[in-house]
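S.K.: Structure provided below as structure tokens; questions to follow.
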Amino acid sequence: MKKNFLNLGKQPIANSFLSSISKNFIRKEYFYKLVVCFNTQNFLVSVKDPVNPKIQYTDKYAHRASESETMRKAFKSIALKLQKKFKPEKVMEIGSNDGVFLKNFPKKKVLAVEPCENLAKLTKKKFKTYPNFWNKQLSKKILNENSKVDLIFSSNTISHIPNLKETFEAAYNILSNNGVFIIEDPSLSSIIKINSYDQFYDEHVYVFSALSMSSIVKEYNLKLFDVEKISNHGGSLRYYICKQKGDYKLSLRLKKTIDEEKKLGLNNYATFKKFAKRVEKSKKKLITLLKTLKKKNKKIISYGATYKSTTVFNYCKIGTKYFNYVTDTTKNKQGKFTPGMHIPILPPEKGFNESVDYAYLGAWNFKKEIMKKEKEFIKRGGKFITHVPEVKII
Ligand code: JHZ
């Protein structure tokens, strides 16, 4: 049974940065109700009413996975590690974005699947790219043109696909007998521990745990045999999955992770109700802090036009009353406006200057990288604000 536990209100599509805020554009803005629920049978947390992927993954898709140094390094390191460990003949990535992971493999070995046309166009110059949504039909098409795949990799994508049956049956079809399917996604335990409720938005249809993942894949003749805790995006899990008959034995760290998750109560609805209370408190505290700073005539901006910020801004109703603008390094976000609350987005060269007193960390997951980069800002008395793990000035 699915039970609701968190209501984040009316939300726009996290990726729908507006090129204008004239009436014509605002009128067409799409909103949905962001309610999050818990499945008491398989312990899966999900968005109650997922948005149609055709509205989300268009040729205007904004996110570039290679935009941070942290992620460029992380993808290179995991690509080398997997190459060494599994020695795959054929590697496929589902949701290959701008190719930041696949570019670390020999060109001939790789296949990319990327439904956003603008991104698929980028990578098709470098390696074979299928500009399609991942499903059984596509897996059949790929199999007609290629051999089976020894390594499927998918980072921050499987959680985005509403149809789990299609996802895993298609993966089963294409995977070689002893092939491995690796999934990386934000972990539920991290979200609960650090109160990062902004990991809930339209694209994150599912937030997995080792508990839920082991139960789900069983339904499709697959086996979760290992799991690794990684620091990406504020705490993620890397799931290692093979066919039921695959050679891999269940690892000790999988057992340990599942035990820890049970201890944290990820199999218990009450845990999520408590989390929802903490989310409400976080909202109140953030608004109070911003109001206090504004009364003192401080200039506040937001750092990083993240999808996560869409949730925070729209849930807390934070607009230009508090933040003069948002800065972001991504070219195709600059000059646009944030979804729903319509805060202008500027390139850091134009907006991150001496006039700024406080910068809210929209990209809190890159805190280390940003603090290192912005030493000058900190030196001259500039301060960052975060809501993770609690609302505070840093
Ligand atoms: P970042 C997206 O979410 C969407 P977002 C998606 N659903 C998902 O799961 C994750 O990515 C993986 C900018 N920035 O990675 C770049 C600076 O301006 O936290 C990015 O626009 N200066 C697929 O958007 C944004 O911040 C900097 O110094 O929540 C970070 O976005 C750095 C380091 C980043 O993902």
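The values are calculated or read from the model by the stated rules, or taken from the named source; none is laboratory data. The structure displayed is predicted, hence computed values, not measured ones. In this analysis, Cβ positions are derived from the backbone assuming ideal geometry, glycine residues included, and neighbour counts consider all displayed protein chains. Heavy atoms of the whole protein, side chains included, go into the accessibility calculation; ligands, DNA and RNA do not. Shrake-Rupley method; radii C 1.70, N 1.55, O 1.52, S 1.80 Å.
S.K.: Sort all Cα-Cα distances of the stretch 280-343 into consecutive 10 angstrom bins from zero, then give the percent of pairs in each bin up to the one containing the longest distance.
M.R.: Pairs per bin, as whole percents: 21, 54, 23, 2.
S.K.: Taking the C-alpha atoms of the stretch 22-94, how large are the radius of gyration and the largest Cα-Cα span, Dmax, in Å?
M.R.: Taking only Cα atoms of the stretch 22-94, I get Rg and Dmax of 19.0, 55 Å.
S.K.: So, taking all protein chains as they sit and a 1.4 Å probe, how much accessible area belongs to Thr288, in Å² rounded to tens?
M.R.: The accessible area comes out at roughly 80 Å².
S.K.: Right, here's the next one. Once the principal axes of the Cα atoms of the stretch 246-363 are found, what is the range along each, listed largest first in whole angstroms?
M.R.: On the principal axes, the stretch 246-363 reaches 56, 35, 25 Å in Cα extent.
S.K.: Check cross-link reach from Lys128 to the lysines: straight Cα distance under 19 Å, and skip same-chain residues fewer than eight apart.
M.R.: Qualifying lysines at Cα under 19 Å: Lys90, Lys103, Lys107, Lys108, Lys109, Lys136, Lys140, Lys141, Lys148.
S.K.: A further question on this structure: When the convex hull of the Cα atoms of the stretch 331-394 is projected onto a plane and the area is averaged over all directions, what value comes out in nm²?
M.R.: 5.0 nm²
S.K.: For a quick protection proxy, order the peptides 160-169, 254-263, 205-214 by their average other-Cβ count within 10 Å, most packed first.
M.R.: The peptides rank, most packed first, as 205-214, 160-169, 254-263.
S.K.: Next question. Express the relative contact order of the chain as a whole percentage, based on alpha carbon pairs under 8 Å and six or more residues apart in sequence.
M.R.: Worked out over the chain, it gives 17 percent.
S.K.: Give or take rounding to whole Å, what are the principal axis extents of the alpha carbon atoms in the stretch 37-136, in descending order?
M.R.: Principal-axis extents of the stretch 37-136 (Cα, largest first): 41, 32, 31 Å.
S.K.: Another question about this same structure. Rounding to the nearest 10 and keeping the result within 0 to 90°, find how far the Cα-based axis of helix 252-264 lies from the longest principal axis of the chain.
M.R.: Helix 252-264 sits roughly 40 degrees off the main axis of the chain.
S.K.: Continuing with this model, one more query. Tell me, what is a quarter of the convex hull surface for the C-alpha atoms of the stretch 103-229, in nm² with one decimal? Spell out each step's value before the answer.
M.R.: Values: hull surface 34.2 nm².
Hull-based average projected area comes out at 8.5 nm².
S.K.: Also, quick follow-up: Sort the following peptides by mean Cβ neighbour count (other Cβ atoms within 10 Å, averaged over residues), highest first: 104-112, 87-95.
M.R.: Sorting 104-112, 87-95 by mean packing, highest first, produces 87-95, 104-112.
S.K.: Rolling a 1.4 Å sphere over the protein heavy atoms, what is the accessible area per residue of the chain, to the nearest Å²?
M.R.: Value for the chain: 45 Å² per residue.
S.K.: Over the stretch 51-136, what relative contact order in percent results from Cα pairs under 8 Å that are six or more residues apart?
M.R.: 28 percent.
S.K.: Using the reciprocal of the averaged 1/r over all distinct C-alpha pairs, how large is the Kirkwood radius of the chain in Å? All intermediate terms of the calculation are to be shown ahead of the outcome.
M.R.: Values: mean 1/r = 0.0459 Å⁻¹.
Taking the inverse mean of 1/r over all distinct Cα pairs, the chain comes out at 21.8 Å.
S.K.: To the nearest Å, what is the center-to-center distance of the stretch 67-144 and the stretch 345-394, using C-alpha atoms only?
M.R.: The stretch 67-144 and the stretch 345-394 have Cα centres separated by 32 Å.
S.K.: If you don't mind, another one. Over the Cα atoms of the stretch 78-169, what radius of gyration and what Dmax do you get, in Å?
M.R.: Reported Rg and Dmax, both Å: 12.4, 33.
S.K.: Roughly to the nearest percent, how much of the accessible area of the chain is carbon and sulfur, given a 1.4 Å probe?
M.R.: In the chain, the share of accessible area belonging to carbon and sulfur is 53 percent.
S.K.: Do any trypsin sites (Lys or Arg not before Pro) in the stretch 266-305 lie in a loop, going by DSSP, with at most 10 other beta-carbon atoms within 10 Å of their beta carbon, and if so which?
M.R.: Lys296
S.K.: Which one of Ile343, Asn118, Leu80 has its Cα pushed farthest toward the positive end of the charge dipole of the chain, where Lys and Arg give +1 and Asp and Glu give -1 at the Cβ?
M.R.: Of the candidates, Ile343 comes out farthest on the positive side.
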